[in-house]
1. Rank the residues 63, 100 as a footprinting-exposure proxy: fewest other Cβ atoms within 10 Å of their Cβ go first.
2. Would you list 69, 11 from fewest to most Cβ contacts within 10 Å?
3. Is the chain rounded, prolate or oblate when judged by the Cα gyration tensor, a ≥ b ≥ c being the square roots of its eigenvalues, rounded requiring a/c under 1.5 and prolate requiring a/b larger than b/c?
4. Calculate the spin-label point distance for residue 85 paired with residue 31, positioning each point 7 Å from the Cα along the beta-carbon direction, and give it in nanometres.
5. Output the 0 to 90 degree angle, nearest 10, between the alpha-carbon long axis of helix 132-144 and the longest principal axis computed from the alpha carbons of the chain.
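We did not get these values from a lab; they are worked out from the coordinates using the rules stated. Keep in mind that what you see is a predicted model, and the values were worked out from it rather than measured. Please note: Cβ atoms are built from the backbone with ideal geometry, for glycine as well, and neighbour counts cover all protein chains shown.
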């Protein structure tokens, strides 16, 4: 079963500047605590980004294909990796008088390995969509605003 979440944040920087922060994938480990490693490779019309994420109960790796539409949208879809069956999402950016309204939307589905109770899979899905998401948005906002 997949889970989705969407959150908005208003950032006190222009849209172009926030977009530039989003697409500097290699720098995520500097300010997003769960991100422990990044590797970026070009893909046709996109960039594949391999993430190493610490979920607290386990570290996982997965690759997302990012499609960038400057300066208002970055979308992604799962190429492959550990534990995930689905990971799709986007950043949608809009100008609000020199500030940026950023909407982050994500849909994830965790593969249920044999002998793992559904409760554990549900907890991991909740961690990704309900707990980690607000922390991640706060990290992007703080980085963009220089806090």
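1. Numbers: 63 18, 100 25.
Listed from fewest to most nearby Cβ atoms, that is 63, 100.
2. Numbers: 69 12, 11 22.
Result, fewest neighbours first: 69, 11.
3. Numbers: a/c = 1.87, a/b = 1.58, b/c = 1.19.
It is prolate, given that a/c is not under 1.5 and a/b is the larger ratio.
4. About 3.5 nm separates the two model spin labels.
5. For helix 132-144, the angle is close to 30 degrees.
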